[in-house]
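The values are calculated or read from the model by the stated rules, or taken from the named source; none is laboratory data. Every value quoted in this text rests on a predicted model; they were computed, and no experiment measured them. Cβ: placed from backbone, ideal geometry, glycine included. Neighbour counts: every protein chain shown.
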Amino acid sequence: MTIIDSQVHCYEANTPKRPWATVPNWPAHVTGDEMVAAMDKNGIDGAIFISAFAMYRFDGSYATEVQRAHPDRFAIIKPVDPDDLAVADVIADWKKTPGTVGVRIMLPKESGRSADDPGLARIAKAAAAVDCPLNMLCWGNIDVGTALIDRHPNTRFIVDHLGLVQPHVPPAAPDAWGDLPKVLELAKRPNAVIKVSGACTLSHQPFPFPDIWDPLARVFDAWGFDRCLWGTDWTRAFAVVNLEQAVEPFRTTDRLTADERAMLMGGACAKAYGWSPRAAG
């Protein structure tokens, strides 16, 4: 079984050479080399490296450096700016970058954007034009995310983090799964898949987080395993769970068959992004 993590974040220390835009409660640095070492320790063959918006905003330069150093371990995605009138050119150029498999938009409620936002329309149309999957963070704002997907049926969307608000520090909110009915309804959209990333942060019980499996079973039933992409969201999840704790529940649970586990922890990701570490190697 090839294990592919659908979302990780690597970054250098906060220095004048490459300063951070904000300082989240993450480790002081998790470089590409450090991420590879952690993946090796935890049996992760490859990962989709999402350039960290918290640190680097729309600059994907560190992601490209890491991918060049580890082309058989990482594919890369960067956020793009809805307010950039030239964003279509940015996406077309990014698509040509070695190892690129998508772009990302940040659409939480505090973004204040509606589904008919012209900047979002530019991005969705440009992504479709070059067959570039559009990753979307719309937690806490899933109604707008759903409406955006409906407005752009020719764009391939990848919904981050189960579409659910996830904590940056424990504990999970009492209603952590409150938007689950909307997530299940979203599954009817054939142009969308969903990341089962950061799921362990939603647990109200200690490791191995047994209470995540009943709601996840509903996600799997609605979306199908071939549209569910397991991921750790390391290092964003750092203050809630460590990397081993984000991997082992999925590797060892008896709630998944061998075929379901293989699809969830790698097969669906390879299908959605057209990339796998073995093929890259």
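List of remarks:
Condition check ((1) basic (K, R); (2) closer than 19 Å to P82 by Cβ; (3) in contact with an Asp or Glu (Cβ under 7 Å, 6 or more places away or on another chain); (4) without any contact (Cβ under 8 Å) to a residue 24 or more places away in the chain) across all residues:
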| residue | (1), (2), (3), (4) |
| --- | --- |
| G140 | no, yes, no, no |
| L148 | no, yes, no, no |
| D179 | no, no, no, no |
| V193 | no, no, no, no |
| C200 | no, no, no, no |
| R218 | yes, no, no, no |
| W223 | no, no, no, no |
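- Residue tally, condition within 16 Å of the chain's Cα centre (by Cα) and either farther than 17 Å from A47 by Cβ or not in a strand (DSSP E or B) (or both), over segment 227-271: 18
- Residue ID - farthest from I194 (Cα to Cα), chosen from residues in segment 125-144 that are of a type outside the set (A, V, I, L, M, F, W, C) and more than 15 Å from the chain's Cα centre (by Cα): K125
- Residue that is surrounded by the fewest Cβ atoms within 10 Å (Cβ to Cβ) [pool: residues in segment 215-236 that are farther than 26 Å from P190 by Cβ and not hydroxyl-bearing (S, T, Y)]: R236
- Among the candidates L134, L107, L120, L164, the residue that is among the hydrophobic types (A, V, I, L, M, F, W, C), at pLDDT 95 or above, in contact with an Asp or Glu (Cβ under 8 Å, 6 or more places away or on another chain) and under 23 Å from M55 (Cα atoms) is uniquely L164.
- Cβ pairs under 6 Å, 6+ apart, first in segment 91-105 and over 9 Å from I77 (Cβ atoms), second at pLDDT below 95 and surrounded by fewer than 14 Cβ atoms within 10 Å (Cβ to Cβ): none
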